[in-house]
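Everything below concerns the one structure shown next.
The values are calculated or read from the model by the stated rules, or taken from the named source; none is laboratory data. Everything numeric here is computed off the predicted structure, so don't read it as measured data. No Cβ is skipped: glycine too gets one built from the backbone with ideal geometry, and neighbour counts run over all protein chains shown.
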């Protein structure tokens, strides 16, 4: 009976962390699921106009529409943890969520040796 209490406590702690992690992931997905328009774009920490018109439109079913590759395309995405978005259908594109609020989304990624940062605002 002595081992029951520590094991039970450990199990309860693990379950609470799992439930909390799932809740955070759902909240992030819900907040992410909107159309986001580029406000500022950076390549290797220098602001660039070459990303003008960039957008991401995420939905809660795991789909994203974007013109990241220069043309509109619908992809699937997966939220890894609480701060990484993996885009399926692309060659290993991972978007790091640097900031996410009700109105602003900041993503960072490395593509072909360049570091890109996208400061996006929620479309109204």
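How many residues does the range 43-82 contain that are assigned to a strand (DSSP E or B) and touching a strand residue (DSSP E or B) at 6+ places or on another chain (Cβ under 7 Å)? Can you show your working first?
Restricting attention to the range 43-82, the residues satisfying the condition of being assigned to a strand (DSSP E or B) are 43, 46-47, 55-58, 63-66, 73-80.
From what is left, the residues that are touching a strand residue (DSSP E or B) at 6+ places or on another chain (Cβ under 7 Å) are 43, 47, 55-58, 63-66, 73-80.
Qualifying residue count, the range 43-82: 18.
In the range 87-107, which residue that is surrounded by 13 or more Cβ atoms within 10 Å (Cβ to Cβ) and within 16 Å of residue 33 (Cβ to Cβ) is modelled with the lowest pLDDT?
Residues of the range 87-107 surrounded by 13 or more Cβ atoms within 10 Å (Cβ to Cβ): 87, 90, 93-98, 100, 104-107.
Next cut, within 16 Å of residue 33 (Cβ to Cβ) only: 87, 95, 97, 100, 104-105, 107.
On the way: 87: 89, 95: 95, 97: 95, 100: 95, 104: 97, 105: 97, 107: 97.
Residue satisfying both the conditions and the ranking: 87.
Can you tell me which condition residue 70 does not meet? The list is (1) at pLDDT below 95; (2) closer than 22 Å to residue 30 by Cα, and all the others hold.
Condition not satisfied by residue 70: (2).
Pull up the range 15-35, narrow it to residues that are assigned to a helix (DSSP H, G or I) and under 13 Å from residue 60 (Cβ atoms), then point me to the one that is modelled with the lowest pLDDT. Walk me through it before giving the result.
Of all residues in the range 15-35, those assigned to a helix (DSSP H, G or I) come to 15-32.
Among the residues that remain, those that are also under 13 Å from residue 60 (Cβ atoms) are: 25-32.
Details: 25: 81, 26: 85, 27: 87, 28: 89, 29: 91, 30: 91, 31: 93, 32: 94.
Among those residues, the one meeting the criterion is 25.
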